[in-house]
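The values are calculated or read from the model by the stated rules, or taken from the named source; none is laboratory data. Quick caveat, the model's predicted, so the values are computed rather than measured. For neighbour counting, all protein chains shown are included, and Cβ atoms are generated from backbone atoms with ideal geometry for every residue, glycine included.
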There are 2 protein chains.
Amino acid sequence: MKREIDNKRESRRGFLKNIAASVVAAGTLAPSLLKADDPNLIEEPEWGKKLGLPVDKYLYGQPSPYEHNVVRRVHELLSSGDMYASVAMCPIHELDGIITPNGLFFNRCHGGVAIIDPNKYRLLIHGMVEKPLVLTLEDIKKYPSESVIHFIECPANGSTEWRAPQFNTLQFLKGMMSQAEWTGVRLKHILKDAGIKEGAKWVLAEGSDNSHMGRTIPLEKILDDAMVVWAQNGEALRPEQGYPIRLLVPGWEGNLNIKWLGRIEIGDKPWHAKEETSKYTMLMPSGKAIRFFWPMEVNSVITRPCPDKPWTHLKKGDVVEIEGLAWSGHGRIKGVDISFDGGKNWVEAKLKGLVLPKAWTRFSYIYKWEGEPLLLSSRAYDEVGNVQPTIDQEVGKMGVENIYHRNAIVTWEVKANGEVHNVQIRS
Amino acid sequence: MKREIDNKRESRRGFLKNIAASVVAAGTLAPSLLKADDPNLIEEPEWGKKLGLPVDKYLYGQPSPYEHNVVRRVHELLSSGDMYASVAMCPIHELDGIITPNGLFFNRCHGGVAIIDPNKYRLLIHGMVEKPLVLTLEDIKKYPSESVIHFIECPANGSTEWRAPQFNTLQFLKGMMSQAEWTGVRLKHILKDAGIKEGAKWVLAEGSDNSHMGRTIPLEKILDDAMVVWAQNGEALRPEQGYPIRLLVPGWEGNLNIKWLGRIEIGDKPWHAKEETSKYTMLMPSGKAIRFFWPMEVNSVITRPCPDKPWTHLKKGDVVEIEGLAWSGHGRIKGVDISFDGGKNWVEAKLKGLVLPKAWTRFSYIYKWEGEPLLLSSRAYDEVGNVQPTIDQEVGKMGVENIYHRNAIVTWEVKANGEVHNVQIRS
């Protein structure tokens, strides 16, 4: 009475499978406690019949070889023509929860990944201070530390979408962001030791790598919640995240979170650095550009179903969990609405898990799909009153020449066959 | 006027360093914004003068080569004589925050690391149920998911210390634990589809690897908060953590969190499996053994300073942050006390960051050290009233023949030269 196991996907209500009856293989090192006459016996899998790999092969662990497709990816449309000023996008469609593992954290570089000897690392703090400081890594680590969970998002995330949908994958659409637990010291503690002079208003943060990425940040933000961090999800920063020290500017543009941080200069006016004049400015319909647009706006995207994860595509009769990520650089996510008709009607999703300030928050909605075509959208709002705009609202204000800070509502078209496609809803 | 940078460690109050004056190197691809006549110029580091590594080298990222010593480690005293029934200890002395990166999560195996093809994976649910189930990985992932942060600790953590201090390293003393964000489905949802029969009281969870690790768990706990999980810190479980599916039994003995989970059987009495009779029992002074000792008790340890991290050793005049980890399998940590004299007097530490149930919680105490010898201890208490015992209290009750559930107060001796040693305080 040996029967085949049915591999086909079935609905939540149809979990009962045909059960293959076979005896437990003889010679197993440690036999299962399953009784030989149990009618529910399933075939002993091959990995149950032999020893696994020795423990000493896993002193620093790696993912399963079966997960080799879950990697950051580089797309030529999103790079600057070489692999040094480039960006590797996070596979956010494959992530669960709110932590991005360090090996998958998105990687935006302006001059390649600097490899720094931590013993030679120094952080210079100078400008309008009483006592300029040159700190070693150990000096920095002696300050009282804090650990915080925040996303980092490049303001160019979603930049391809201003005119029309470009990508039918969530990874390339919104993968220029990730989230980690960061550990470091509040910059205000270090600046207290340096002694900020009266009249100081601005801070220049500059990388020590060859791109010398430099950005001007208001002193008020630096004293509020900015940190210099050395750890990411418990271990030292990865090289591509600025090892051994990066700046963390919670909720603000990713490029302000300077990697391989080399110096902090205090001043009374902005520096007008290259990366805040020729780049990271917002070109408006008037032909003028907005500069110093710092916080990342309230945003959200549905991660399940999504185009690049075919097993999440819907099947008629399925009861599915529609799930996604919401975030705001202004504070906590207060709520997320879901629409099934491209924004005409909305229902409230549930926030699940931790709801932290300036952090990815998961939302969820249980839905039974009967095969009707959907225009599936999410709309997040944050605790200070920001709501995601429609595309019409955003384009009406910002035009389409701009690259940055795209936070308009994203819509997936779910076709009658269950396939999921990136579309844009315009009036 | 070129001066040397002073590399010596200095106190928190002495951060001002001599500053080396040199010009920014000519030929830098992107020059720093530092003005050439700034008296605070420091030498341009070598990594600022050349391009870094290309972004495409980091599609799945790895730690800095300078962190090669931060790995799990195997000690023969803690293994069973081969590398298949072995344990690789987590470098908890090197961790920051409360997340353990997946590559460093401790690894206890009974028959090596099984490598499982996720397409061939099946989970059998049977016994006292209305409808036995055989679930594929996709079937499991279609249930509504949850993400939770919990530690997993082997009950043998600290097992070498029952008679006298064995290890002068935190990694070997307490590294048989780690913490992650886990994503999966509550087992109660799956068991609802199977239909639990009247009279059922016990659950057997068994691994599909060749060790067929099997443990009996009360149905009440399974229905309370147990989960089958597929993700760890956002990505698929690592092979050594049970890829593609492990059981999560929050707060209870690590060995109950069955890896490579193969089946769940429901019954009305315990199974008396090998791993709950010949092992994982508590041998008492009477000669009898306690079985089914499930929850991990309230516990704590100071991670900074600690013996195996010399740069955290104290220096006279230093103002330092004494920091550590506290945890309880019974719920949230309510508080942690610190003693500087081996437990005669106690002061209250501050809990910092997230304080989650059945989860590592960081504690902190700022202290100025004037060179006096210390006996530095921490004592945690949880929200349901458990307090860490002294060694005398624990040994008085449990004897010294036992291996498991060591949660007596740990003490570091800080010598006048700042060195840190593992000692035991007995009356």
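Does B:Leu41 count as within 7 Å of chain A (Cβ to nearest Cβ) and in a loop (DSSP other than H, G, I, E, B)?
Considered against the rule, which asks whether it is within 7 Å of chain A (Cβ to nearest Cβ) and in a loop (DSSP other than H, G, I, E, B), B:Leu41 comes out as no.
When B:Glu275 is evaluated against the numbered criteria (1) touching a His at 6+ places or on another chain (Cβ under 9 Å); (2) outside the structural domain of B:Ala205 (by TED's automatic domain parsing), which criterion, by number, is the only one it fails?
(2)
What's the number of the condition B:Gly61 fails, among (1) at the interface with another protein chain (Cβ under 7 Å from one of its Cβ atoms); (2) surrounded by fewer than 20 Cβ atoms within 10 Å (Cβ to Cβ); (3) part of a loop (DSSP other than H, G, I, E, B); (4) not hydrophobic (A, V, I, L, M, F, W, C)?
Condition (2) is where B:Gly61 drops out.
I'd like to check something: does segment B:137-154 contain any residue that is within 30 Å of B:Lys201 (Cα to Cα), among the aromatic types (Phe, Trp, Tyr) and either at the interface with another protein chain (Cβ under 8 Å from one of its Cβ atoms) or assigned to a loop (DSSP other than H, G, I, E, B) (or both)?
So far as segment B:137-154 goes, yes, one or more of its residues are within 30 Å of B:Lys201 (Cα to Cα), among the aromatic types (Phe, Trp, Tyr) and either at the interface with another protein chain (Cβ under 8 Å from one of its Cβ atoms) or assigned to a loop (DSSP other than H, G, I, E, B) (or both).
If you check every pair at least six apart or on different chains, which have Cβ atoms under 6 Å apart with a residue in segment B:221-246 that is more than 7 Å from every other protein chain (Cβ to nearest Cβ) and within 22 Å of A:Gly48 (Cα to Cα) first and a residue that is among the small types (Gly, Ala, Ser) and buried (at least 24 other Cβ atoms within 10 Å of the Cβ) second?
Every condition considered, the pairs that remain are B:Val228/B:Gly184; B:Val229/B:Gly184; B:Trp230/B:Gly184.
When you go through (1) part of a loop (DSSP other than H, G, I, E, B); (2) out of contact with any helix residue (DSSP H, G or I) (no Cβ under 6 Å at 6 or more places or on another chain); (3) not hydrophobic (A, V, I, L, M, F, W, C) one by one for B:Glu323, which number turns out not to apply?
(1)
A:Leu191 passes all but one of (1) within 13 Å of another protein chain (Cβ to nearest Cβ); (2) within 23 Å of the chain's Cα centre (by Cα); which number fails?
Every condition holds for A:Leu191 apart from (2).
Just to be sure, is A:Gly97 facing another protein chain (nearest Cβ under 7 Å), small (Gly, Ala, Ser) and assigned to a loop (DSSP other than H, G, I, E, B)?
yes
Of the numbered conditions (1) at pLDDT 80 or above; (2) closer than 30 Å to A:Thr160 by Cβ, A:Ser80 fails exactly one; give the number of that condition.
A:Ser80 satisfies every listed condition except (1).
Hey, can you tell me all the residues within segment A:358-371 that are surrounded by fewer than 19 Cβ atoms within 10 Å (Cβ to Cβ) and either in a strand (DSSP E or B) or under 20 Å from the mean Cα position of the chain (by Cα) (or both)?
Residues satisfying the conditions are A:Ile366, A:Tyr367, A:Lys368.
If the Cβ limit is 6 Å and pairs must be 6+ apart or interchain, which residue in segment B:386-400 that is more than 19 Å from B:Lys344 (Cβ to Cβ) pairs with which residue that is of a type in the set (Phe, Trp, Tyr)?
B:Val400/B:Trp162
Only one residue in B:Gly175, B:Gly195 is in contact (Cβ under 8 Å) with a residue 60 or more places away in the chain, outside the structural domain of B:Thr303 (by TED's automatic domain parsing) and crowded, with 20+ Cβ neighbours inside 10 Å, so which one is that?
Among B:Gly175, B:Gly195, only B:Gly175 is in contact (Cβ under 8 Å) with a residue 60 or more places away in the chain, outside the structural domain of B:Thr303 (by TED's automatic domain parsing) and crowded, with 20+ Cβ neighbours inside 10 Å.
Only one residue in B:Asn157, B:Asn168 is more than 7 Å from chain A (Cβ to nearest Cβ) and buried (at least 19 other Cβ atoms within 10 Å of the Cβ). Which one?
Checking each option against the conditions leaves just B:Asn157.
Go through the residues of segment B:83-92 one by one and say whether even a single one is at the interface with chain A (Cβ under 7 Å from one of its Cβ atoms), part of a helix (DSSP H, G or I) and touching a Cys at 6+ places or on another chain (Cβ under 8 Å).
No, because not a single residue in segment B:83-92 is at the interface with chain A (Cβ under 7 Å from one of its Cβ atoms), part of a helix (DSSP H, G or I) and touching a Cys at 6+ places or on another chain (Cβ under 8 Å).
Just name the residue that is farthest from the other protein chains (Cβ to nearest Cβ) out of those in segment A:72-82 that are surrounded by fewer than 20 Cβ atoms within 10 Å (Cβ to Cβ) and outside any strand (DSSP E or B).
Of everything passing the filter in segment A:72-82, A:Leu77 is farthest from the other protein chains (Cβ to nearest Cβ).
Considering (1) surrounded by 18 or more Cβ atoms within 10 Å (Cβ to Cβ); (2) part of a loop (DSSP other than H, G, I, E, B), say which one A:Ala416 fails and leave the rest.
(1)
For segment B:115-132, enumerate the residues that are within 7 Å of another protein chain (Cβ to nearest Cβ) and in a loop (DSSP other than H, G, I, E, B).
B:Ile115, B:Ile116, B:Asp117, B:Pro118, B:Lys120, B:Arg122, B:Lys131, B:Pro132
For segment B:100-114, enumerate the residues that are part of a loop (DSSP other than H, G, I, E, B) and within 20 Å of A:Lys49 (Cα to Cα).
If the condition is that a residue be part of a loop (DSSP other than H, G, I, E, B) and within 20 Å of A:Lys49 (Cα to Cα), then B:His110, B:Gly111, B:Gly112, B:Ala114 are the ones that fit.
With the condition kept exactly as written, say whether any residue in segment A:315-334 is away from every other protein chain (no Cβ under 14 Å), of a type in the set (S, T, N, Q) and in contact (Cβ under 8 Å) with a residue 60 or more places away in the chain.
Yes, some residue in segment A:315-334 is away from every other protein chain (no Cβ under 14 Å), of a type in the set (S, T, N, Q) and in contact (Cβ under 8 Å) with a residue 60 or more places away in the chain.
If you scan segment A:372-403, which residues turn out to be crowded, with 22+ Cβ neighbours inside 10 Å and assigned to a loop (DSSP other than H, G, I, E, B)?
Across segment A:372-403, the qualifying residue is only A:Gln388.
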